[in-house]
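Quick notes on the structure that follows.
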Amino acid sequence: MASLCLATYPDANSPKIAENAVALVKQIDAALHAVAINVDIPDVSNALSSYLLDLPHKIREVEATSRKCGSVLLEAIAKAAAHGGVTLTTQLLTAPPALMGDVAAEQSRYFDVCLAGWAPGNQTARMIAEAILFGSGRPALLLPDSTDVGVLDHVVIAWDGSRVAARAVADARAFLEHASMITVVTVTDEKPLPGQDIDERLAQGLRTRGLVAEAASIQAGDRSIGTALQEHALKIGGKLLVMGGYGHSRVRDFVLGGATEGILADLRLPVLLSH
């Protein structure tokens, strides 16, 4: 079962998320639960604010815009699901702007994988994705808002032998089992690694399980680790990048690892992040 939490305000997801989410869950034979989180702004009106700024009216306008975006997105998903033969359930929730990520994380805990749309500069989508990654206990799969997902037949695993990387591999099982090729990639010049040929060791373990897997070692050079991994994945025809999500949250501020920050800052293909 997959969930999809939709950003509605101030930066809404693109309707493209409907096609991409349905195409993805169909590939792993999953059902989809789509949640539109509409903004609910607390009433801060008083006589002065009503007279000078007409805040109650502005709040109503903002909330109406959010509800409209949520309805449009859910309608698009319902249409795509019906066309693709995907089982769909939908839900409407409301939350204050600062708590939209918390609500998304709480809802996501009931599903196996959590989808989130992604577009450059969409801070609402980023807030929701980070909250799901660090607060749901489930893997977060980021989908580019502007391109077609396509068939995720080549999965690239970013492997450094760490706990979070191992967790990511386990969380990606459904995608690995449906892939025709898996490439295990280790970046050798970014940090000390826990042994030699760790990429080949994981690839061999996957082959023992009946999967088609190979190993590859790369160097990041002067590129960020997130850029290096995505560029190599695209170079070899990778359709999905699987990696551990490094970082932790302090209240509602997220302290991210370098690779995670690089992915969130410049997403170039679908990425499954697991914390």
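Just so it is clear, none of the values below were taken in a lab; they were calculated from the coordinates. Everything numeric in this text was worked out from a predicted model, so none of it was measured. Ideal geometry is used to build each Cβ from the backbone, glycine not excepted, and the neighbour counts take in all protein chains shown.
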Bounding extents of region 103-167 in its principal axis frame from Cα atoms, largest first in Å, are 32, 28, 21
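Normalising by the residue count of region 154-274, find the relative contact order in percent from Cα pairs under 8 Å and 6+ residues apart.
Numbers: 215 pairs, mean separation 38.1, N = 121.
Across region 154-274, relative contact order equals 32 percent.
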With Cα coordinates, the longest principal axis of the chain makes an angle with the long axis of helix 225-235, in degrees rounded to 10, of 70
If one compares the long axis through the Cα atoms of helix 55-84 with the longest principal axis of the Cα atoms of the chain, the angle in degrees, nearest 10, works out at 40
Counting Lys and Arg as +1 and Asp and Glu as -1 over every other residue whose Cβ sits under 13 Å from the Cβ of Leu24, the net charge comes to -2
Any lysines whose Cα falls less than 23 Å from that of Lys79, other than same-chain ones fewer than 8 residues away, would be Lys16, Lys26, Lys68
If each K or R counts +1 and each D or E counts -1, the residues other than Gly237 whose Cβ falls under 13 Å of its Cβ total -1
Between Ile157 and residues 5 or more places away or on another chain, the pairs with built amide H atoms under 5 Å apart involve Thr183, Val184, Val185, Val242
Taking the convex hull of the alpha-carbon atoms of region 156-243 and averaging its shadow over every direction gives an area in square nanometres of 5.2
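Find how much the distance from Arg163 to Ser180 grows on full extension, using 0.36 nm per residue of separation minus their present alpha carbon separation; answer in nm with one decimal. All intermediate terms of the calculation are to be shown ahead of the outcome.
Numbers: separation 17, 0.36 × 17 = 6.12 nm, distance 2.56 nm.
Gain on stretching Arg163 to Ser180: 3.6 nm.
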Restricted to region 154-274, the DSSP antiparallel beta bridge percent, nearest 5, is 20
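Expressed as a rounded percentage, what relative contact order does the chain have, with Cα pairs under 8 Å and six or more residues apart? All intermediate terms of the calculation are to be shown ahead of the outcome.
On the way: 583 pairs, mean separation 54.6, N = 275.
Across the chain, relative contact order equals 20 percent.
In the chain, what percentage of the DSSP-assigned beta bridges are antiparallel, given to the nearest 5? Provide the component values of the computation, followed by the final result.
Numbers: 7 of 47 bridges.
Close to 15 percent.
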Ranked output for segments 8-18, 218-228, 88-98 by mean other Cβ atoms within 10 Å, highest leading, reads 8-18, 218-228, 88-98
Checked region 2-144 against the a/c 1.5 cut and the a/b vs b/c comparison, axes a ≥ b ≥ c from its Cα gyration tensor; verdict prolate
